[in-house]
Amino acid sequence: MAQILMILSAADTLTLADGSSHPTGYWAEEVAASHKVLTEAGHTVRIATPGGARPVVDPISLDERGGVEAADAAEFKAYLESIDADLSAPLDLPAVRAADHDALYLPGGHAPMADLAGDARLGALLADADARGRIVAALCHGVAGLLSATKDDGGFVFAGRGLTVFTDEEERQGGLGDRTPWLVQSRLAERGAVVKPGAPWSDTVVVDGNLITGQNPQSSVSTARRVVEALASA
């Protein structure tokens, strides 16, 4: 079966537009639901972070403040506890190779905006994976991590590619709103990506060749399932 590298942010804070520090981390549903779908399909999922640091869960992703019902939060929390050994000792991102994995998978939470979006080591890994035709999958704010992938001439590796992402409208409706330091959808479009958003909060997945992207937490299961389907047909 396939080897999948799940890349998580190591950030626990995000500097907002006003310069204040906002607690953040990975979004519980996006990691738990995706990991479950991928492993139940028989694939091996390895977790990596910048520096091999233990990632933290965004507290509101397990709270009604984040629009998460108590029963769902309990389910996500229990699943994350079941994979705590992997979360506690992630691989060091610079030490992993695209050649050793069939797919890369980047879940969200606002944390990737703080570190992954500008991580040159991640960018090199994503560029190598894409050049090899490996599956590159990203979900919600995890799609911000794609911004790290630049060509030698400064161009964006994923320019001209179709994708979806947590939209500017969703950020205004239920994200950080005017406090956000930048808007991921707008930044990706500025870099040349062809953003194909669904309706706010819809379960939306966009597939462009080996690039698979999901729009928001509601798209977690569908995104992981599309990765499973792509691996089966590879």
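Numbers for the structure displayed
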read-out: C-alpha center-to-center spacing [the range 170-234, the range 1-54] in angstrom; value: 15
read-out: Accessible area of the chain belonging to carbon and sulfur atoms, whole % at 1.4 Å probe; value: 47
read-out: Solvent exposure of the chain as accessible area per residue, Å², 1.4 Å probe; value: 41
read-out: Residues Ala85 and Arg132, FRET efficiency given R0 of 35 Å [Cβ-Cβ distance, rounded to 0.05]; value: 0.75
read-out: Net charge dipole size for the chain [Lys, Arg +1 and Asp, Glu -1 on Cβ; Debye, nearest 20]; value: 600
read-out: The range 191-234: relative contact order in percent, alpha carbon pairs under 8 Å with at least 6 residues between; value: 28
read-out: Structure-derived Cα Rg over 2.2 N^0.38 Å - corresponding label in [x] 1.06; [y] 0.98; [z] 0.91; value: [z]
read-out: Charge dipole of the range 57-189 about the Cα centre (unit charges at C-beta), most positive-ward option of Val184, Gly123, Gly155; value: Gly155
read-out: Relative contact order computed over the range 7-158 (Cα-Cα under 8 Å; 6+ residues apart), in percent; value: 26
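The values are calculated or read from the model by the stated rules, or taken from the named source; none is laboratory data. In this text, all values refer to a predicted model and were calculated from it rather than measured experimentally. Cβ atoms come from the backbone with ideal geometry, glycine included; neighbour counts cover every protein chain shown. Areas reflect the complete protein model, heavy atoms only, side chains present, ligands, DNA and RNA absent. Shrake-Rupley method; radii C 1.70, N 1.55, O 1.52, S 1.80 Å.
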